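First up is the structure itself, then whatever we jot down about it.
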Amino acid sequence: MSISKQLTVFSGVQPTGNFHLGNYLGALTQWLDLQHKYHSIFCVVDYHAITVPQNAANLKRQVLDIAKIYLAAGINPRRALIFRQSDIAEHTELAWILNCAVARMSDLNKMTQFKDKAGSKNASVGLFDYPVLMAADILLYQTDIVPVGEDQLQHVELARDLAKRFNQQFGHAFTIPEAKINKEGARIMGLDDPTKKMSKSAASPANYIALLDKPETAVKKIKRAVTDSGSDIKYDVKNKPAISNLLTIYSLLANKSIKELERKYTGKGYGDFKNDLAEVVSKFLTDFQIKFHNISDRQVAKIFSQSAKKLRPIARTTLNKVKTNLGL
Ligand code: AMP
Ligand code: TRP
C-alpha cells in the first residue's frame, strides 16, 4: 500500500486597500473548502504590499485586519496556518536565488499585471519583480495547489516554469504547483463598470463592496450599480454583463443557483431585484463584521507567531536543498 503525502495548499492576499467581495468570492471561499482536505497555509503578503509606497501605521493595521478577515470568513487556525510573510526571511532569500538562477527579464516583461499597473518610470524594481517573490512564497512549502482568482493565473504559471527550470538545471528541489480557480466568482466585475474587474485600486469606491463597508453604504452602492439596457433579469454575460455580475454575487452569497434566481425574478424589474440583493449583501456584511470585531489584535499576533514557528523548518529545508544544489 502506498502512503500518499497530504497535498499542500498555499495562497495569500496583500494587506492593502479594501478587501472586497471579488477577493472574498474569487479567492477566500475556495480556501474555506480546501482547509478541510489539505495541509493549508494562508499568508498575509506584506513584502508584496511594499512594492508600492505604504504608510507604516496603516500597513501595520492592514496586516492585522487581513488576518482577521481570514478568520471571520471561517479559516480555522486549528486547521490552517495563517502567517505574515515578513516573519519568515526565507521568502526573500529564495526570491533572490530564483532571480539569479532561473527568472529572466523576458519572463517578467510578459506579466500583464505589471504592464497594467506600472506605466510610470517611478515604479519600484520590487513591483517588476513581484511575481518572483510570489513564486518563492509558493515553492518554499512544496505547494501542490494555489487557489486564486483568475487574475493571478499568469503568476502561478510563472512559478511553475521557474520550478521546472530549476529542477532541470540544478537538480530536483521543488514540487510543481497548480493553480485552482473557482468556476463562479473567479472574476467579479466592478459595480460601476461591468467590463472591468472589481479592484482594490479602483478610482471610485462605487466600484467595489468592501467587507468592512457599512451595510448602509453597501446598500447604496448596490442600488446605484450600473445596469444593462432592457429589463429582464437574465444571465447573459455578453449582452447583460452588469445583471450577470449582480446575479453571480447574489447566487454565491445566498447559496441559490442562477437558474433559481432567474425564475424568481421573471416578470419583475431591476428595482425589485436590487432591493433583494441589497438585503442579502447587507445581512452578509452585518454577520461578517460582528465576527471580525470579536477578534483581537493579540489573538492575531499569537496565531502569526505560532504559525511561523511551524513553517520555518519547512521553509529552511527547501532553502537548504536549493543552496546545496547551487553550491552555496
Ligand atoms: P489582491 O486583491 O490582488 O491581493 O487579490 C487577492 C485575491 O483575490 C487573489 O486570489 C485574486 O485573484 C482575487 N481577486 C482579486 N480581484 C478579484 C475579482 N474582481 N474577482 C475575483 N477574484 C479576485
Ligand atoms: N499576488 C497575489 C495577489 O495579488 C498575492 C500573493 C502573493 C499570492 N503571494 C502569493 C497568492 C502566493 C497566492 C500564492 O492576489
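The values are calculated or read from the model by the stated rules, or taken from the named source; none is laboratory data. This structure is a prediction, so every number in the text was calculated from the model and none was measured. Note: ideal-geometry Cβ built from the backbone for every residue, glycine included; neighbour counts use all protein chains shown. With ligands, DNA and RNA removed, areas are computed over all heavy atoms of the protein, side chains included. Shrake-Rupley method; radii C 1.70, N 1.55, O 1.52, S 1.80 Å.
Could you please let me know if ALA278 is in contact with a strand residue (DSSP E or B) (Cβ under 9 Å, 6 or more places away or on another chain), part of a helix (DSSP H, G or I) and either surrounded by 14 or more Cβ atoms within 10 Å (Cβ to Cβ) or of a type in the set (Gly, Ala, Ser) (or both)?
no
Quick check: anything in region 166-179 free of Cβ contacts under 8 Å to residues at least 60 places away in the same chain and in a loop (DSSP other than H, G, I, E, B)?
yes
To keep it simple, each residue is scored yes or no on (1) within 16 Å of ligand 2 (Cβ to nearest atom); (2) acidic (Asp, Glu); (3) closer than 21 Å to PHE166 by Cβ.
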site	(1), (2), (3)
VAL45	yes, no, no
VAL52	yes, no, no
ARG78	no, no, no
GLU90	yes, yes, yes
ALA95	yes, no, yes
VAL102	no, no, yes
MET105	no, no, yes
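Counting just the residues of region 111-133 that are in contact with a Pro (Cβ under 9 Å, 6 or more places away or on another chain) and either more than 16 Å from GLU157 (Cβ to Cβ) or not in a helix (DSSP H, G or I) (or both), which one comes out nearest to ligand 2 (Cβ to nearest atom)?
Across region 111-133, the extreme among qualifying residues is MET111.
Out of the residues in region 18-52 meeting the condition of being assigned to a loop (DSSP other than H, G, I, E, B) and either among the polar types (S, T, N, Q) or in contact with a Ser or Thr (Cβ under 6 Å, 6 or more places away or on another chain) (or both), tell me which one is nearest to ligand 1 (Cβ to nearest atom).
Top of the filtered list is ASN18.
What number of residues in region 152-184 are away from ligand 2 (no atom under 15 Å from the Cβ) and open to solvent by less than 40 Å² (accessible area, probe 1.4 Å)?
4
Is it fair to say LEU94 is in a helix (DSSP H, G or I), of a type in the set (A, V, I, L, M), touching a residue at least 24 places away in the same chain (Cβ under 8 Å) and open to solvent by 10 Å² or more (accessible area, probe 1.4 Å)?
Here the answer is no, as LEU94 does not meet what is asked.
Considering only region 112-128, state which residues are within 16 Å of ligand 1 (Cβ to nearest atom) and either closer than 15 Å to ALA95 by Cβ or surrounded by fewer than 17 Cβ atoms within 10 Å (Cβ to Cβ) (or both).
THR112, GLN113, LYS115, ASP116, LYS117, GLY126, LEU127
Condition check: in contact (Cβ under 8 Å) with a residue 24 or more places away in the chain and open to solvent by 70 Å² or more (accessible area, probe 1.4 Å). Does ILE50 satisfy that?
Answer is yes for this residue.
Scan (1) open to solvent by 50 Å² or more (accessible area, probe 1.4 Å); (2) outside any helix (DSSP H, G or I); (3) within 14 Å of ligand 1 (Cβ to nearest atom) for the single condition LEU191 breaks and write down its number.
The failed condition is (1).
What number goes with the only condition from (1) part of a loop (DSSP other than H, G, I, E, B); (2) within 9 Å of ligand 1 (Cβ to nearest atom); (3) over 23 Å from ALA123 (Cα atoms) that GLN6 does not pass?
Unmet for GLN6, out of (1) part of a loop (DSSP other than H, G, I, E, B); (2) within 9 Å of ligand 1 (Cβ to nearest atom); (3) over 23 Å from ALA123 (Cα atoms): (2).
Has region 71-79 got at least one residue that is free of Cβ contacts under 8 Å to residues at least 40 places away in the same chain and open to solvent by less than 20 Å² (accessible area, probe 1.4 Å)?
no
Mind listing just one residue for me: the one in region 1-41 that is open to solvent by 10 Å² or more (accessible area, probe 1.4 Å) and in contact with a Gly (Cβ under 6 Å, 6 or more places away or on another chain) and, of those, farthest from ligand 2 (Cβ to nearest atom)?
Going through the qualifying residues, I end up with LEU32.
Quickly run through region 108-140 and pick out the residues that are in contact with a Leu (Cβ under 7 Å, 6 or more places away or on another chain), under 21 Å from ILE181 (Cβ atoms) and among the aromatic types (Phe, Trp, Tyr).
Residue satisfying the conditions is PHE114 alone.
Which condition does LYS302 not pass, out of (1) among the basic types (Lys, Arg); (2) closer than 26 Å to ASP65 by Cα; (3) in a loop (DSSP other than H, G, I, E, B), if it passes all the others?
(3)
Can you give me the ranges of the helices (runs of 4 or more DSSP H) entirely in region 212-270 with at least 1 residues that are closer than 17 Å to GLY190 by Cα and open to solvent by 20 Å² or more (accessible area, probe 1.4 Å)?
Correct list: 215-224, 241-254.
In region 134-151, how many residues are at pLDDT 95 or above, part of a helix (DSSP H, G or I) and either more than 10 Å from ligand 2 (Cβ to nearest atom) or open to solvent by less than 20 Å² (accessible area, probe 1.4 Å) (or both)?
Residues in region 134-151 being at pLDDT 95 or above, part of a helix (DSSP H, G or I) and either more than 10 Å from ligand 2 (Cβ to nearest atom) or open to solvent by less than 20 Å² (accessible area, probe 1.4 Å) (or both): 6 in total.
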